[in-house]
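Single-structure report; data block below.
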Amino acid sequence: MERFGEFYSRHLWLQFATGWLVAAAMVLTLYPGHSVLGTLVRVGGSSAAGVWLTLRRRHREERTAGGADDLLRFDRMLRKGEAPSDPQERQAMGELVDRRLHSTRHRTAALVFLVILFGSVTAMAASMSGLWRAIAYGALNVGFLVYVYFVGRLGVMRLRRMRRLLDDPSPATEAEPAADRSRHFAA
């Protein structure tokens, strides 16, 4: 599974294509009468700004990390809770962590906005469509919001732990036992 995750992270186009197809499938499921090609074009056009913003952010992070391979390595280290031992890599990882923590500063406001937005979409679906379509919208929206909340929370916790680990003047070495290293990740 880790090999698949690394392949998926390395090829950003695959992430976009998968998201595009899943979104088109959801639209076709909710509105079965529409043409497949028309739905694919509409979904692709409406997600173009998101793709552009994601590519721009990824390019900046690659520049901060020192390249695409370094960014992937830093992401893997961040997921595993390992800090680099080389001082230059520690500095690059610290800049990457600071950049990502800075981008999460409005997380609560964004979540409130999403709840209001998705709640209004569900209310409109209930008033204009049938009850079953409103229930489907509501279930999808609640599932999506719960997923976004918990994945975002996990990411922020990982970033904060890494920031503390990078700020620690005595980084964990390879000779240090695993039990002693666990103190760095206590919640």
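Side notes on the structure shown:
- Neighbour-limited loop hits for trypsin sites (Lys or Arg not before Pro), the stretch 71-114 (at most 11 other Cβ within 10 Å; DSSP other than H, G, I, E, B): 105
- Taking other Cβ atoms within 10 Å as a rough exposure proxy, 156, 146 sort from fewest to most as 146, 156.
- Folded to 0 to 90 degrees: helix 131-167 orientation relative to the chain principal axis, Cα: 10 degrees
- With contributions of -39500 (n - 2.57) from each DSSP H run of at least four residues, the per-residue ellipticity at 222 nm computed over the chain stands at -27000 deg cm²/dmol.
- Förster radius 25 Å - calculated FRET efficiency between residue 72 and residue 168 (Cβ-Cβ, nearest 0.05): 0.55
- Rounded tilt (10° steps) of 12-30 against the dominant C-alpha axis of the chain: 30 degrees
- Karplus-derived 3J(HN,Hα) values for the stretch 86-97, using 6.51 cos²θ - 1.76 cosθ + 1.60 with θ = phi - 60°, are 5, x, 5, 5, 4, 5, 5, 5, x, 5, 5, 5 Hz; glycine and proline are entered as x.
- For 128, 26, order by how many other beta-carbon atoms lie within 10 Å, fewest first: 128, 26
- Annotation: the residues 137, 31, sorted from fewest to most other C-beta atoms within 10 Å of their own C-beta, follow the order 31, 137.
- Euclidean distance of C-alpha centroids, the stretch 14-87 and the stretch 141-163, integer Å: 17 Å
- Contour minus Cα-Cα distance for residue 103 and residue 16 (0.36 nm per residue): 29.2 nm
- Using the Karplus relation 6.51 cos²θ - 1.76 cosθ + 1.60 with θ = phi - 60°, the per-residue 3J(HN,Hα) values for the stretch 104-115 come to 9, 5, 10, 4, 5, 5, 5, 5, 4, 4, 5, 4 Hz, with x marking Gly and Pro.
Each reported figure results from applying straightforward, stated rules to the coordinates on display, with no laboratory input. Everything numeric here is computed off the predicted structure, so don't read it as measured data. Cβ coordinates were reconstructed from backbone atoms using ideal geometry, including for glycine residues, and neighbour counts include every protein chain displayed.
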